[in-house]
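Peer 1: Starting off with a structure, shown below.
The values are calculated or read from the model by the stated rules, or taken from the named source; none is laboratory data. Keep in mind the model is a prediction, meaning the values are calculated, not measured. All Cβ positions, even for glycine, are placed from backbone atoms using ideal geometry, and neighbour counts span all protein chains on display.
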Amino acid sequence: MRPWLRLSNLVLLLIAVVLGTALYFAIYVFLAASPYEAVGMAINRRLPEPVRNLTCSVLSKRHPGAWPTVGCEKVWKPAPAGGAPAPEGAAAPPEKAPGN
């Protein structure tokens, strides 16, 4: 077997990928200029609900008045009034029932 293809090297590579993904997601949640970053939203959608609720609440506090990202509709504060269009990556606004 080649020396670089040992099990310990593969385990270290897996650990590096997991830590890199976690670091990227932490930067998205705590430092990103926009909540609509595609990779961050994709990671957030796949997280367990308690973790997703935490990250969505942090994002909604950091970006007040922004539309909720996909997956954060339950936790996010209300969308801005005034009928502003939702940016790409934002969750679609709920449709009004007829007669309202």
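Peer 1: Could we say that V75 is assigned to a helix (DSSP H, G or I), at pLDDT 65 or above and among the hydrophobic types (A, V, I, L, M, F, W, C) here?
Peer 2: No; evaluated as a whole, the condition is false for this residue.
Peer 1: Next up: Of all residues in segment 34-61, count the ones that are assigned to a helix (DSSP H, G or I) and touching a residue at least 12 places away in the same chain (Cβ under 8 Å).
Peer 2: Total meeting the criteria: 15.
Peer 1: Go through (1) in contact with a Gly (Cβ under 8 Å, 6 or more places away or on another chain); (2) under 19 Å from V18 (Cα atoms); (3) among the β-branched types (V, I, T) for T55 and report which single condition fails.
Peer 2: Only one criterion in (1) in contact with a Gly (Cβ under 8 Å, 6 or more places away or on another chain); (2) under 19 Å from V18 (Cα atoms); (3) among the β-branched types (V, I, T) is unmet by T55, namely (1).
Peer 1: Just need a number here: residues in segment 1-51 that are closer than 18 Å to W76 by Cβ and among the small types (G, A, S).
Peer 2: So the count comes out to 6.
Peer 1: For segment 11-33: of the residues being in contact (Cβ under 8 Å) with a residue 12 or more places away in the chain and more than 16 Å from T69 (Cα to Cα), which is surrounded by the fewest Cβ atoms within 10 Å (Cβ to Cβ)?
Peer 2: Ranking the qualifying residues of segment 11-33, first place goes to T21.
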